[in-house]
Amino acid sequence: MATAAGRGLLGLALVLGCAAPVFAQVSSYGDKATGDNTGDQLPQILQKVQVTQHLNAQLPLDAKFTDDKGAPVSLGQYFDGKHPVLLSTVYYNCPMLCSEEMDGVVSSLLMVHLVPGKDFQIVVVSIDPTETADLAARYKARYVKRYGHPETADGWHFLTGQKPAIDAVTNAVGFGYTRVPGPDGTLSQFAHASSIEIATPQGRLAQYYLGVEYSPKDILLGLIDASGNKIGSPVANILTYCYHYDPQINKHSLIVARVVQLGGMATVAGLGGFMFLMFRRDLRLGRDHDLPQPDDDNRRNG
């Protein structure tokens, strides 16, 4: 028969097993499932910035942008009919979340044995029409340096453009965003969620990855599948939001932390409650074991 301690360890394993998916940003390849957005408890403005997955939708390859060298380009220049594209929509002056997203991309790609510029292209589109090519160049330099392979710089493309081109891309992707006030009260920031996409060599959306951490295995297999024009399945809508930043009260960080850490807090609370109950149960069983039983008392007194 299992001891109380053994049962406790088994129960702890079950709790941890149930808790693991809470932290996952991207489920294991082949185990992905559609998830419904539940925005009823979010600030009203965040209900406008969901990511709606438009798998197999065609990107607007004729959309006009400016690249990080200041040259006019069209989105279609990065789709050669042979290699997939990893697409990200951010803005370069984002005070927090966009850099977290790009950090996640770099960290994942460091463990993906494919080469940007050779095996696939990376295209980052700014959603802020006021941002410039110089800013895009600085942003690119930061992440190419962090990636640690300067010879791949020609495979990284950081674009800026005007609102019609930006909206053409974000509408095709299903990427919702809206302007919000910055610390000075002007509409200088954006509320948006965090996601990256992989597109086929012909510019069709093949896979979505939500949040700011991405499984290298998922990215690798997504790129391989997209190169063969395979369209993936919807992933669970575990969204991370960038909302409003106020350095005096750190409001932006608080909202992002609430969304990201909600699952973590629930897990910690559940685990703590479970451990408390198990320790209390073991203590009670120990006391019962130490107490003399009625039959023992009768035998001793007989």
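Please treat every number below as a calculation from the coordinates, not as lab data. None of these values were measured; they are calculated from a predicted model. Heads up, the Cβs are rebuilt from the backbone with ideal geometry, glycines too, and the neighbour counts pull from every protein chain shown.
Kindly put 204, 142 in sequence by how many other C-beta atoms sit within 10 Å of each C-beta, fewest to most.
Details: 204 18, 142 15.
So the ranking, lowest neighbour count to highest, is 142, 204.
Around residue 231, which amide H atoms from residues at least 5 apart in sequence, or from another chain, sit under 5 Å from its own amide H, with H modelled in the peptide plane?
Those lying under 5 Å, H to H, from residue 231: there are none.
Distance cut-off 28 Å, Cα to Cα: go down the list 140/163; 118/163; 69/230; 145/230; 163/230; 69/217 and report the pairs above it. Before the final figure, lay out the partial values.
On the way: 140/163 21 Å; 118/163 30 Å; 69/230 33 Å; 145/230 32 Å; 163/230 31 Å; 69/217 32 Å.
With Cα atoms farther than 28 Å apart: 118/163; 69/230; 145/230; 163/230; 69/217.
At what distance in nm do the modelled label points of residue 115 and residue 179 sit from each other, each positioned 7 Å from its Cα along Cα→Cβ?
It is 4.4 nm.
Using a 10 Å cut-off around each Cβ, can you sort 152, 66, 130, 89 from fewest to most neighbouring Cβ atoms?
Working: 152 16, 66 20, 130 12, 89 24.
With the sparsest Cβ surroundings first, the list reads 130, 152, 66, 89.
What does the highest-first list of 91-97, 134-140 look like by mean Cβ count within 10 Å?
Listed from highest to lowest mean packing, they are 91-97, 134-140.
Students often check this: by mean Cβ neighbours within 10 Å, which of 121-127, 227-233 ranks highest, and how do the rest follow? The partial results should precede the final answer.
Values: 121-127: 24.7, 227-233: 14.7.
Descending packing order for the listed peptides: 121-127, 227-233.
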